[in-house]
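Okay, so here's the structure we're looking at.
FYI, it's all coordinate maths here, none of it is from the lab. All values derive from a computational prediction rather than experimental measurement. Quick reminder, even Gly has a Cβ in these numbers, built from the backbone with ideal geometry, and neighbours come from all protein chains shown.
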Amino acid sequence: MQLIERAKGILLKPKETWADIEAETASTAGLFTGYLMLLAAIPAVCGFIGMSLIGFSGFGVTVRVPLLAGLANMVVSYVLSLVGVFVLALIVDALAPTFGGMKSQIQALKLVVYASTAALLGGVFSLLPSLSMLGLLAALYSIYLIYTGLPVLMKNPPEKSLVYTVVILVAGIVMAVVIGAVGSLFMPHGAMMGAWAVACR
């Protein structure tokens with residue numbers, strides 16, 4: 001499987017691609033090393049470049065996060081994104097019987113890994129902090145990918161996919177808040193204030 005071809009397939013032909021994914025034999029290690037770990041680097045690296053090298057501009061002032069703080073944030077956000085995908089897959093698997101689906105950790109992991117393609121590729125907008133909000137549009141498409149993939153991989157009745165997706169979304173938002181809070185622990189509180197101070201000199 002070529003990463004680029006799979007990414008194109010899931011983005012442009014999700015329904016057909018989900019059927020291919022459902023039939024594939026996969027492993028947790030293979031999904032992470034062959035796909036997720038590569039794509040997850042995009043928002044982490046682009047975020048570092050945007051925050052620490054390009055910076056935020058406004059009112060004639062450019063603000064940059066100090067390099068060490070930016071590097072720490074990049075590494076932490078990368079690791080936490082991988083953890084987040086794994087935990088969300090566990091949630092998807094645990095919820096399957098509630099919505100008439102079949103439990104399968106590997107199928108749930110396939111679903112979350114490949115559905116995250118749009119959101120992770122949308123991380124490229126972090127290169128320009130002023131455009132980073134566009135990444136939210138990509139994340140919305142990832143939600144749609146989950147919706148289309150649930151009845152194929154988790155075998156739930158299609159009519160229950162919408163509610164199943166909403167519950168997953170709520171769990172994902174809660175998890176994102178927790179991950180954001182954990183990540184902020186590794187971002188020195190004085191980093192942004194220091195950046196403002198340097199920029200305003």
Subject >> Among (i) 15.2, 45; (ii) 18.4, 61; (iii) 21.5, 93, the entry that matches Rg and Dmax of the Cα atoms in Å as calculated here >> reply: (ii)
Original post:
With θ set to phi - 60° and the Karplus curve 6.51 cos²θ - 1.76 cosθ + 1.60, what are the ³J(HN,Hα) couplings of region 81-89 in order, to the nearest whole Hz, using x for Gly and Pro?
Top reply: 5, 5, 4, x, 4, 5, 5, 5, 5
**OP:** Name the longest site-free stretch of the chain, where the excluded sites are chymotrypsin sites (Phe, Trp or Tyr not before Pro) in a DSSP loop with no more than 16 other beta-carbon atoms within 10 Å.
**Re:** 60-185
